[in-house]
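The values are calculated or read from the model by the stated rules, or taken from the named source; none is laboratory data. Not measured: the values here are computed from a predicted model. When the accessible area is computed, the model is the full protein with side chains, heavy atoms only, and any ligands, DNA or RNA have been set aside. Shrake-Rupley method; radii C 1.70, N 1.55, O 1.52, S 1.80 Å.
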Amino acid sequence: MMKKSWNILKSKVGHYVQNERGAQALEWVALGLVVLAIMGVIATGIQGDASLGKAIIGKLSEMISGL
């Protein structure tokens with residue numbers, strides 16, 4: 001019974017799971033965009049308001065030390 005259910009499920013959804021071409025490249029692009037966004041926020045904070053820049057750097061330092 002379980003094998004029959006598995007085969008039915010695999011035939012209906014299996015082709016979506018098997019086609020993973022480009023998934024890793026998309027993850028690297030997303031990671032790069034996150035890094036660029038963080039760098040942009042830091043640069044803007046440091047150039048604009050000094051207290052905002054210190055607050056951003058402080059929060060990032062807390063996050064990194066929490067890892």
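Going from most exposed to least, what order do ILE56, ILE8 have by accessible area with a 1.4 Å probe?
So the residues, ranked largest to smallest area, are ILE8, ILE56.
Between GLN47 and ILE8, what length in nm is gained on full extension when 0.36 nm per residue of separation is reduced by their alpha carbon distance? Before the final figure, lay out the partial values.
On the way: separation 39, 0.36 × 39 = 14.04 nm, distance 5.90 nm.
Between GLN47 and ILE8, full extension yields 8.1 nm more.
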